[in-house]
1. Would it be correct to say that residue 235 is open to solvent by 10 Å² or more (accessible area, probe 1.4 Å) and either among the hydroxyl-bearing types (Ser, Thr, Tyr) or in a loop (DSSP other than H, G, I, E, B) (or both)?
2. Could you please find all residues in the stretch 20-42 being farther than 20 Å from residue 94 by Cα and surrounded by 13 or more Cβ atoms within 10 Å (Cβ to Cβ)?
3. In the stretch 189-222, what count of residues is obtained for those that are among the hydrophobic types (A, V, I, L, M, F, W, C), more than 17 Å from residue 176 (Cβ to Cβ) and open to solvent by less than 20 Å² (accessible area, probe 1.4 Å)?
4. I'd like to verify a number: residues in the stretch 94-109 that are part of a helix (DSSP H, G or I) and crowded, with 17+ Cβ neighbours inside 10 Å, how many?
5. Among the residues of the stretch 168-188, how many are in a helix (DSSP H, G or I) and open to solvent by 10 Å² or more (accessible area, probe 1.4 Å)?
6. Kindly indicate whether residue 11 is of a type in the set (A, V, I, L, M), assigned to a helix (DSSP H, G or I), out of contact with any Phe, Trp or Tyr (no Cβ under 8 Å at 6 or more places or on another chain) and without any contact (Cβ under 8 Å) to a residue 60 or more places away in the chain.
7. Given the criteria out of contact with any Asp or Glu (no Cβ under 8 Å at 6 or more places or on another chain), under 22 Å from residue 12 (Cα atoms), open to solvent by 20 Å² or more (accessible area, probe 1.4 Å) and outside any helix (DSSP H, G or I), does residue 143 qualify?
8. Could you grab me the full set of residues in the stretch 281-292 that are polar (S, T, N, Q) and either surrounded by fewer than 20 Cβ atoms within 10 Å (Cβ to Cβ) or free of Cβ contacts under 8 Å to residues at least 24 places away in the same chain (or both)?
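The values are calculated or read from the model by the stated rules, or taken from the named source; none is laboratory data. Keep in mind the model is a prediction, meaning the values are calculated, not measured. Note that we place each Cβ from the backbone using ideal geometry, even for glycine, and neighbour counts take in every protein chain shown. These area figures cover heavy atoms from the full protein model, side chains too; ligands, DNA and RNA do not enter into them. Shrake-Rupley method; radii C 1.70, N 1.55, O 1.52, S 1.80 Å.
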Amino acid sequence: MAGHFLVKDIALQAGVGTATVDRVLNARGGVHERTRRRVEQAIHELQSQESVIGLAGRTFLVDAIIEAPQHFCVALKRAIADEISALLPAIFRVRQTMEADISDAALLRIVRRVIRRGSHGVILMASASSSTRAAISELKAARIPVVTLSTDVLQSDRIAYCGMDNWRAGQTAGYLIGQWLPKKSAKVLVSLRNARFRGEGERELGFRAILLTKFPYLQPVELYEGSGAAASFSRKVIDVLERHRDIRAVYSIGGNNRAILSALATTQRIAQVFIAHDLDDENRALLRNWKINAVLNHDLRRDVRSACRAILHHHGALKEADAVTPNPIQIITPTSLD
């Protein structure tokens, strides 16, 4: 299972001791199931990254701590695997902690584990809470730089933000819906996953601003999904649709788009315009089948590249800092897919 990797390399990747790795590799007892899975994941990460990294150059061990839905995590893992090969001659190894929900207490535990085992940097996607800011401060005190990804944490000690301009993304969604809907009074369902994320809040505010100034006859109706299962979320959407019979469009900020479409079908309603975010596998399929009208996308590989280069510059491996600018907003329609 371990291939040719050294026990110490596996231990470093997993963040555990070499004795623990030895017990896992030799199927000895006394290892918690969660720890065993962490070791196995570390070996898998080493195997997947080995094919795209060189043997020469300085090695940087970076932690990706991501709170996001599974579809986003899958896309991000793919972007990380694709992008680290472009960072040569520097060698990047990325330890990944990606979960749909990370509480404030859990985030602090993860961060302190990173500090104990050491890291050259953290790529972070988390809520913009005071606890997150405190966790970033602890990392800074340990001389571990933090780059926020996709959603920012302002007034924190992060060194850079890599992602799209979420305010402008919300404005873009509002512009498209305003252009494509008939010029008459109607409501728009605005679905968010978690209001604690600054990126989602900025998208909603940008959306509201463009409706207020350019399309005042359109009224947003917010639905906060949380992190429930698709079936429970679909019931929430059904409830909103039944209470607001004049909903004519959907702006899905938080995802779970199949559940929204299921609710529309159940209530025999049609969204004249459906705008979503992120060109993941699900949204690509929905676009191909003309189930949604457009996806606002940004290049995750570019985000990963910018984050890693910011960490490189922080450690003096790059003489000049890149200008970290917002990732351009891509508007993907069914006719523009590859």
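1. Working: open to solvent by 10 Å² or more (accessible area, probe 1.4 Å): yes; either among the hydroxyl-bearing types (Ser, Thr, Tyr) or in a loop (DSSP other than H, G, I, E, B) (or both): no.
Considered against the rule, which asks whether it is open to solvent by 10 Å² or more (accessible area, probe 1.4 Å) and either among the hydroxyl-bearing types (Ser, Thr, Tyr) or in a loop (DSSP other than H, G, I, E, B) (or both), residue 235 comes out as no.
2. The first filter runs over the stretch 20-42 and keeps only residues farther than 20 Å from residue 94 by Cα, leaving 20, 22-33.
Passing the criteria: 20, 22, 23, 24, 25, 31.
3. Going through the stretch 189-222 one residue at a time, the tally reaches 3.
4. Just the residues of the stretch 94-109 that are part of a helix (DSSP H, G or I), to begin with: 104-109.
Still in the list and also crowded, with 17+ Cβ neighbours inside 10 Å: 107.
Total satisfying the criteria: 1.
5. Residues that pass the stated criteria total 7.
6. On the way: of a type in the set (A, V, I, L, M): yes; assigned to a helix (DSSP H, G or I): yes; out of contact with any Phe, Trp or Tyr (no Cβ under 8 Å at 6 or more places or on another chain): yes; without any contact (Cβ under 8 Å) to a residue 60 or more places away in the chain: yes.
Here the answer is yes, as residue 11 does meet what is asked.
7. On the way: out of contact with any Asp or Glu (no Cβ under 8 Å at 6 or more places or on another chain): yes; under 22 Å from residue 12 (Cα atoms): yes; open to solvent by 20 Å² or more (accessible area, probe 1.4 Å): yes; outside any helix (DSSP H, G or I): yes.
So residue 143 fits the description; yes.
8. First, pick out the residues of the stretch 281-292 that are polar (S, T, N, Q): 283, 289.
Result: 289, single match.
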